[in-house]
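Read through the structure below, which is laid out as structure tokens, and then see the notes.
The values are calculated or read from the model by the stated rules, or taken from the named source; none is laboratory data. A quick note: this is a predicted structure, and the numbers were derived from the prediction, not measured. Note that we place each Cβ from the backbone using ideal geometry, even for glycine, and neighbour counts take in every protein chain shown. Just the protein is used for accessible areas: all its heavy atoms, side chains included, with ligands, DNA and RNA removed. Shrake-Rupley method; radii C 1.70, N 1.55, O 1.52, S 1.80 Å.
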Amino acid sequence: MENNLLIYNSLSRQKELFKPINPPHVGLYVCGPTVYGDAHLGHARPAITFDLVFRYLRHLDYKVRYVRNITDVGHLEHDADEGEDKIAKKARLENLEPMEVAQYYTNRYHQSMDKLNVLRPSIEPHASGHIIEQIAMIQKILDKGFAYIENGSVYFDIAKYNQTYHYGILSGRNVEEMINNTRELAGQEEKHNPVDFALWKKAEPKHIMRWPSPWCDGFPGWHMECSAMGCKYLGEQFDIHGGGMDLLFPHHESEIAQSMAANGKQPVHYWMHNNMITINGQKMGKSLGNAMSLEDFFTGNHALLERAYSPMTIRFFILQAQYRSTLDFSNEALQAAEKGYKRMMAAVATAQNLSATEGAENLGIQKIMDECYDAMNDDFNSPIAIAALFEAVRITNSVKDGNLKINGEELTLLNRLFQAFVFDIFGLLESESGGDDQLVDGLMQTIINIRKEARAKKDWATSDLIRDELAKFDIVLKDDKDGTSWSKK
Ligand code: ZN
């Protein structure tokens, strides 16, 4: 299959012509969420970025097997090899089974992604469901001499690996520097070298998520799952591996090392990394008080949000930046995105009802179409394609206003352009133009005002009735000093 698609490869640090291993099949692996909390804006970016990649490859007629994992074990608090398992901790605090926590947040993740119109992957494997595959791969790495056992735990031997291969090939980091910059954490004395990482960890007696292995009862290291599951579903070598830039090191660097050590081959041809979202120029994080869940955006229930933003506004906002650029969130930027999205969808609807004028001169729709493909072929440059689409929006509105005429051939092409880019490739939805959200919000405000008046008159029966009726729709009201807000359970 011929294509002009250039992909920036983080491994070679340049744009390369996309050549799949086995066309028309394409293997795409993306690191999915660790399911111990609600999806936030930081989750939306990789999800939408690789949804765009998935959709565009399918649009080019590739048969894509898209694997996106669920991390439900092995992601430790300090993101190193130490600390309590994040899911086990949540389970302990809330007195739940770890798998209850994982299932709950997996469901919540799916709900948020569905709202964003992110397509479900072809396969969504769980780390805890692939312990056998992970143990087999660790055994292979041990057999090849690139790992050692210490007190039941298995560690990857970076020094040994570097005699044959190159740890740092993806991140450009130098092992010597890494050793000098690595802080010794308590409990890491088992490692021969501070940069070594765990493939299998021995479980402390109180550790709940544990499995038997040839070495000890324990659990896999975090990097292991993606190597094992990528290999199982896409083969020892596959086309594209994606994830956020924060995963490039040590996660993806270590994935390469594990696969090279086990199979002697570079596992991935194109490594793709989306950049991060900042909030008012700051990094996002729980400790900074600016970590907003996607539900916060959809309901507007967060101190930093002036109001609610619809899922399609969030989607459009993310698509307005090329995936390798940073993207700064602000209320202003989201409101501008919302305006742009609505303007585009209005024009898409208008175009369907325009009438053609026979013999009207050419308006350059084909050129716009070519610009959209050129932009997408240049490393998925969605903002350039969106800018070209706005030229089509301008033409559509001018035809509607009678300032331009369009011939039949171009009118067909215009509608095809919108169908392909707005719906198929960008995955924007027509029905959810934010109008419904605003209507619901307006209705809820009316109900809240009626309840407020009832309470002012000490009419508790009406106030309670309103609360109980809303509860049937899972709507909860919250009263605080700023007034009453509502949210869906
Ligand atoms: Zn991963």
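With the structure loaded, tell me whether residue 144 is in the same structural domain as residue 47 (by TED's automatic domain parsing), over 25 Å from the mean Cα position of the chain (by Cα) and either open to solvent by 60 Å² or more (accessible area, probe 1.4 Å) or closer than 21 Å to residue 252 by Cα (or both) or whether it fails that test.
Numbers: in the same structural domain as residue 47 (by TED's automatic domain parsing): yes; over 25 Å from the mean Cα position of the chain (by Cα): yes; either open to solvent by 60 Å² or more (accessible area, probe 1.4 Å) or closer than 21 Å to residue 252 by Cα (or both): yes.
Spelling it out, residue 144 is indeed in the same structural domain as residue 47 (by TED's automatic domain parsing), over 25 Å from the mean Cα position of the chain (by Cα) and either open to solvent by 60 Å² or more (accessible area, probe 1.4 Å) or closer than 21 Å to residue 252 by Cα (or both).
Under 8 Å between Cβ atoms, at least 6 apart or on separate chains: pull out the pairs that start in the stretch 103-116 with a residue that is touching a residue at least 60 places away in the same chain (Cβ under 8 Å) and end on any residue that is assigned to a helix (DSSP H, G or I) and of a type in the set (Val, Ile, Thr).
Short answer, once both residue conditions are applied: 116/48; 116/314.
All but one of (1) at pLDDT below 95; (2) small (Gly, Ala, Ser); (3) outside any loop (DSSP other than H, G, I, E, B) hold for residue 74; which doesn't?
The one condition residue 74 does not meet is (3).
Mind listing whichever residues of the stretch 27-39 are among the β-branched types (Val, Ile, Thr) and open to solvent by less than 20 Å² (accessible area, probe 1.4 Å)?
Matches in the stretch 27-39: 30, 35.
With the structure loaded, tell me whether residue 377 is crowded, with 18+ Cβ neighbours inside 10 Å, closer than 29 Å to residue 112 by Cα and in contact (Cβ under 8 Å) with a residue 12 or more places away in the chain or whether it fails that test.
So residue 377 passes the test.
Could you tell me which numbered condition residue 42 fails, if it satisfies all but one of (1) over 21 Å from the mean Cα position of the chain (by Cα); (2) modelled with pLDDT under 95; (3) open to solvent by 10 Å² or more (accessible area, probe 1.4 Å); (4) not β-branched (Val, Ile, Thr)?
(1)
Starting from the stretch 24-36, take each residue that is farther than 12 Å from residue 107 by Cα and outside any loop (DSSP other than H, G, I, E, B) and list its partners that are within 10 Å of the ligand (Cβ to nearest atom) and β-branched (Val, Ile, Thr), counting only C-beta distances under 9 angstrom and pairs at least six apart or across chains.
Sorted first by the residue in the stretch 24-36, then by its partner, the pairs are 34/71.
Please go through the stretch 263-293 and pick out each residue that is at pLDDT below 95 and small (Gly, Ala, Ser).
The first filter runs over the stretch 263-293 and keeps only residues at pLDDT below 95, leaving 276-293.
Within the stretch 263-293, 281, 285, 287, 289, 291, 293 qualify.
Look at residue 107 and say whether it is within 17 Å of residue 194 (Cβ to Cβ) and in a helix (DSSP H, G or I).
Criteria not met by residue 107.
Could you grab me the full set of residues in the stretch 205-220 that are surrounded by fewer than 16 Cβ atoms within 10 Å (Cβ to Cβ) and within 14 Å of the ligand (Cβ to nearest atom)?
Selection gives nothing.
Among the acidic types (Asp, Glu), open to solvent by less than 40 Å² (accessible area, probe 1.4 Å) and on the phi < 0 side of the Ramachandran plot: which single residue out of 306, 236, 253, 295 fits that description?
Criteria check complete, one pass: 253.
Considering (1) more than 26 Å from the chain's Cα centre (by Cα); (2) more than 30 Å from residue 352 (Cα to Cα), say which one residue 487 fails and leave the rest.
Single failed check for residue 487: (1).
Could you grab me the full set of residues in the stretch 1-26 that are open to solvent by less than 10 Å² (accessible area, probe 1.4 Å) and touching a helix residue (DSSP H, G or I) at 6+ places or on another chain (Cβ under 9 Å)?
5, 7, 18, 26
Which one of 64, 53, 73 is touching a Pro at 6+ places or on another chain (Cβ under 8 Å) and either within 16 Å of the ligand (Cβ to nearest atom) or assigned by TED's automatic domain parsing to the domain that holds residue 269 (or both)?
None of the others qualify; the one that does is 73.
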